[in-house]
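K.L.:
Right, I'll just put the structure down here and ask away after.
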Amino acid sequence: MSRESVHESLKAITLQSPRFSDSTPLDALRFLQGAFLGLEEVIKQELQETTLPEMVQIANRLDNFEELLPQEITLLRLWLVGGDKRAHATDAVYKQCTKAIRQIMEKVKSYEDTPLTTETLGLLQNLAYEGSLLTKTIVAHQEGSDRLQRFEKAIKNLYPEDRQFLATLLMSKLESACRSRG
């Protein structure tokens, strides 16, 4: 993996930018979705490749019961949790989703005492669908935030056996990353 792959993935997305609109065809949206997923993957691989030597040092420090420096904790977080930026980057989307969910819930509430005609059932079905999509995003955001909080709490209170477990886990990830490099 190289930085060229990252640039290729970026280019695949930016080439779609002028064509993206509310009426973008489904095939183009699927392509764009795949391009974003591909970009995420090549960035993850590039980060792992470029930080491999530092991660080996961190694993050794953990195994030797040495305290980690703040920048080492940041790097460890990046490898194990995905970094704290991921949760913060989705905060705006999260806020938009929670606002939209509140609006949907109010609309649903307005149908609470309404006769269930074919028309109202269709409207409620659409609201339920939108609500399920939005809650999926909210749940993913909350799970990421919770994972980050658990990491932060755990890293501050590492017992010797925890350090050795973490060092072993990290060495496994490092070996896996080395194998994937080829």
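The values are calculated or read from the model by the stated rules, or taken from the named source; none is laboratory data. The structure displayed is predicted, hence computed values, not measured ones. Every residue, glycine as well, gets a Cβ built from its backbone with ideal geometry; the counts of neighbours run over all protein chains shown. Note: areas computed on protein heavy atoms with side chains; ligands, DNA, RNA excluded. Shrake-Rupley method; radii C 1.70, N 1.55, O 1.52, S 1.80 Å.
K.L.:
Treating only the Cβ atoms of Lys and Arg (+1) and Asp and Glu (-1) as charged, compute the dipole magnitude of the chain about its Cα centre; round to the nearest 20 debye.
P.N.:
Approximately 160 debye in magnitude.
K.L.:
Taking segment 80-182, which chymotrypsin sites (Phe, Trp or Tyr not before Pro) meet the DSSP loop condition and have no more than 16 other C-beta atoms within 10 Å?
P.N.:
Taking segment 80-182 and a limit of 16 other Cβ atoms within 10 Å, the loop chymotrypsin sites (Phe, Trp or Tyr not before Pro) found are Tyr111.
K.L.:
Turning to a different aspect of this structure: Under a plain spin-label model, where a point goes 7 Å from the Cα along Cα-to-Cβ, how far apart in nm are Thr118 and Lys156?
P.N.:
6.0
K.L.:
Just to confirm my numbers, what's the Cα centroid distance between segment 127-170 and segment 104-123 in Å?
P.N.:
For segment 127-170 versus segment 104-123, the Cα centre distance is 36 Å.
K.L.:
Ok, one more. For the chain, what % of the accessible area comes from carbon and sulfur atoms, probe 1.4 Å?
P.N.:
56
K.L.:
While we're here: What percentages, rounded to whole numbers, describe P(r) for the chain computed over all alpha carbon pairs with 10 Å bin width beginning at zero?
P.N.:
Pairs per bin, as whole percents: 8, 23, 27, 21, 13, 6, 1.
K.L.:
Could you tally the net charge around Glu66, taking each other residue with its Cβ under 12 Å from the Cβ of Glu66, Lys/Arg +1 and Asp/Glu -1?
P.N.:
So the surrounding residues net to -1.
K.L.:
When ligands, DNA and RNA are left out and all protein chains stay put, how many square angstrom of accessible area per residue does the chain have with a 1.4 Å probe?
P.N.:
Per-residue value: 71 Å².
K.L.:
Assuming R0 = 30 Å, can you tell me the calculated FRET efficiency for the pair Val139 and Asn64, based on Cβ-Cβ distance, to the nearest 0.05?
P.N.:
0.15
K.L.:
Would you list which lysines come within 28 Å of Lys95, measuring only between C-alpha atoms, while excluding same-chain residues fewer than 8 positions from it?
P.N.:
List returned: Lys44, Lys85, Lys107, Lys109, Lys136, Lys153.
K.L.:
Applying a 10 Å radius around every beta-carbon, put 21-33, 48-60 in order of their mean neighbour count, most first.
P.N.:
Final packing ranking: 48-60, 21-33.
K.L.:
Note down the magnitude of the dipole of segment 1-93 about its Cα centre, charges +1 on Lys and Arg C-beta and -1 on Asp and Glu C-beta and zero elsewhere, to the nearest 20 debye.
P.N.:
340
K.L.:
Which of Ala35, Thr114, Ala154 sits farthest toward the positive end of the charge dipole of the chain, with +1 on the Cβ of Lys and Arg and -1 on the Cβ of Asp and Glu?
P.N.:
Comparing the listed Cα positions along the dipole, Thr114 ranks first.
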